[in-house]
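Before anything else, here's the structure in question.
The values are calculated or read from the model by the stated rules, or taken from the named source; none is laboratory data. All values derive from a computational prediction rather than experimental measurement. As a convention, Cβ positions derive from the backbone with ideal geometry for all residues, glycine included, and neighbour counts pool all protein chains shown.
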Amino acid sequence: MSKVYTSFNEVSRAYNKVRMELWHLGVLWDGSKLDGVECIYDQIAPIAALSGTMGWYDPDSKVITFPSVYLPIAALWRDLGVKANALDVIRHEFGHALADQYPGALKKGGLFRAAFGGTYGENPAEECVADGWGDRYVSEYATSMAQEDFAETFMLFVKYKGKIPAKYAKKPAIRKKWKAVSEIVRRVAAAKR
C-alpha cells in the first residue's frame, strides 16, 4: 500500500491562502480569535498515517495539524466527496476553529440546529443517510455529524467566496445550510466592530 505525501511548502501556501480568503470574508483580522489559529506540519503523525486523516483541529491548542504522510484511504474519501487537498482540508478545519472560537454565532436563535439538524459537537445530524446524500449534504462525510456537515459546508463557502454554486442552489436543504453559514460568517465579522 503506497503512502500519500504532502509537502511543507504546499501546506504553508494553503494555510496562507485560506487566511487571506477568511480575511476577505471578514472573519479574520489582526487580533481576531481566528488570527491565533496556527497550522502545524507534522512529519511524525502515526495516528494520521494509520487512519488516513488529512488534518484536524485541536480546540485546546487552537492548532490545525496537517500530517506529512497518510495512507491512501484518503483517496477513498475523495471518492466520497470529502475534502481532498491541503486547501480544502485547511478550509474545513478553519470551519471547526470558527465554531470553537465563536460558539455564540452558531447558537444565537437556534440557527445552527435549524439548518444542520443538531448541535455543534458530537451529536450526529438528524436523518443522516448515505443513500441520496447529494440532495441534503455537500459530501457524504457531511452526513456523519452536524459539526462535519457545518465544516464541509463552510469549506465550500470559503472556497466559492460566499457564492453558492449552481449545483447546490437548486437543493433547498443545502441552500438553507449555505444561508446559515452566511449568517454565521456575518455575525463573526460583526464582532470586529
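For GLY134, indicate whether it is out of contact with any helix residue (DSSP H, G or I) (no Cβ under 6 Å at 6 or more places or on another chain) and modelled with pLDDT under 85.
Working: out of contact with any helix residue (DSSP H, G or I) (no Cβ under 6 Å at 6 or more places or on another chain): yes; modelled with pLDDT under 85: yes.
When the stated conditions are applied, GLY134 passes them.
OK, next. Which one is nearest to ASP60 (Cα to Cα), of the residues in the stretch 88-121 that are of a type in the set (Phe, Trp, Tyr) and crowded, with 20+ Cβ neighbours inside 10 Å? Full working, then the answer.
Here is the first cut: in the stretch 88-121, the ones of a type in the set (Phe, Trp, Tyr) are 94, 102, 112, 116, 120.
Filter again for crowded, with 20+ Cβ neighbours inside 10 Å, leaving 94, 112, 116, 120.
Numbers: PHE94: 14, PHE112: 22, PHE116: 24, TYR120: 16 Å.
Applying the filter and picking the extreme gives PHE94.
SER61 versus (1) more than 19 Å from GLU183 (Cα to Cα); (2) touching a Gly at 6+ places or on another chain (Cβ under 9 Å); (3) modelled with pLDDT of 90 or more: which is the lone unmet condition?
The number of the failed condition is (2).
Checking TYR70 against (1) modelled with pLDDT of 70 or more; (2) surrounded by 19 or more Cβ atoms within 10 Å (Cβ to Cβ): exactly one of these is not met. Which one?
(1)
Next up: Cβ-Cβ under 6 Å, sequence separation 6+ or interchain: first residue in the stretch 132-156 and touching a residue at least 12 places away in the same chain (Cβ under 8 Å), partner among the basic types (Lys, Arg) and in a helix (DSSP H, G or I). Which pairs?
THR153/LYS177; MET155/ARG91
For residues that are touching a Phe, Trp or Tyr at 6+ places or on another chain (Cβ under 7 Å), under 21 Å from VAL27 (Cβ atoms) and not aliphatic (A, V, I, L, M), tally how many sit in the stretch 138-174.
8
While we're here: What about LYS159, is it under 15 Å from LEU22 (Cβ atoms) and of a type in the set (D, E, K, R)? Show your work before the answer.
On the way: under 15 Å from LEU22 (Cβ atoms): yes; of a type in the set (D, E, K, R): yes.
So LYS159 passes the test.
If we keep just the residues of the stretch 1-43 that are in a helix (DSSP H, G or I) and touching a strand residue (DSSP E or B) at 6+ places or on another chain (Cβ under 6 Å), which is modelled with the highest pLDDT? Explain how you work it out, then say what you get.
Filtering the stretch 1-43 for residues in a helix (DSSP H, G or I) gives 8-25, 34-36.
So of that shortlist, the ones also touching a strand residue (DSSP E or B) at 6+ places or on another chain (Cβ under 6 Å) come out as 8, 11, 15.
Working: PHE8: 85, VAL11: 89, TYR15: 96.
Only one residue tops the list, namely TYR15.
Any idea which of LYS179, LYS163 is out of contact with any helix residue (DSSP H, G or I) (no Cβ under 7 Å at 6 or more places or on another chain), assigned to a loop (DSSP other than H, G, I, E, B) and at pLDDT 95 or above?
Answer to the check: LYS163.
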